[in-house]
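J.: I have a structure here, written as structure tokens, and I will follow up with some questions on it.
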Amino acid sequence: MKKKKEFKKIPSAKVKIFKISNRRGYAAVCLNNLTEGSTAYQTYRRMMKAVRRQGYELPLVAMDKVKRRIVVRI
């Protein structure tokens, strides 16, 4: 039987979400991953998948809390 992979948990504060200038949508950066999406929540969900491929796990955060994570500058 195949053993389940153990993921290292990281806080959602490590994800930096920002508005893309000259474009429609948002982008997120975390652990050398860059994801894009039309909404901040979609961007965060895509980042969850990206860091999972590296062996990390982000917590599922509500939509209104993701909007608070948007930064103006990186």
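Each value in this text was obtained by applying a stated rule to the coordinates, not by laboratory testing. Fair warning: this is a prediction, and the values are worked out from it, not measured in the lab. Backbone-built Cβ (ideal geometry, glycine too); neighbour counts: all protein chains shown.
J.: Taking the range 8-25, which residues are surrounded by 13 or more Cβ atoms within 10 Å (Cβ to Cβ) and either β-branched (Val, Ile, Thr) or under 17 Å from Val61 (Cα atoms) (or both)? Spell out the reasoning first.
T.: The initial filter retains those residues of the range 8-25 that are surrounded by 13 or more Cβ atoms within 10 Å (Cβ to Cβ), namely 10, 12, 14-19, 25.
Across the range 8-25, the qualifying residues are Ile10, Ser12, Lys14, Val15, Lys16, Ile17, Phe18.
J.: Looking at the range 2-20, I want the residues that are touching a residue at least 40 places away in the same chain (Cβ under 8 Å) and part of a strand (DSSP E or B) and have a partner that is exposed (fewer than 13 other Cβ atoms within 10 Å of the Cβ) and not aliphatic (A, V, I, L, M) with Cβ atoms under 8 Å, at least 6 apart or on another chain. Which pairs are those?
T.: Lys8/Gly55; Lys9/Pro59; Phe18/Arg73
J.: Look at the range 28-60 and say how many of its residues are buried (at least 19 other Cβ atoms within 10 Å of the Cβ) and within 16 Å of Val72 (Cβ to Cβ).
T.: Matching residues across the range 28-60 total 3.
J.: Look at the range 21-74 and say how many of its residues are in a loop (DSSP other than H, G, I, E, B), within 12 Å of the chain's Cα centre (by Cα) and farther than 24 Å from Lys5 by Cα. Explain how you work it out, then say what you get.
T.: Pass one, the range 21-74, residues in a loop (DSSP other than H, G, I, E, B): 21-25, 31-32, 38-39, 54-55, 58-62, 69, 71-74.
Next, only the ones that are within 12 Å of the chain's Cα centre (by Cα) stay: 31-32, 39, 58-61, 69.
Next, only the ones that are farther than 24 Å from Lys5 by Cα stay: 39, 69.
Of the residues in the range 21-74, 2 are in a loop (DSSP other than H, G, I, E, B), within 12 Å of the chain's Cα centre (by Cα) and farther than 24 Å from Lys5 by Cα.
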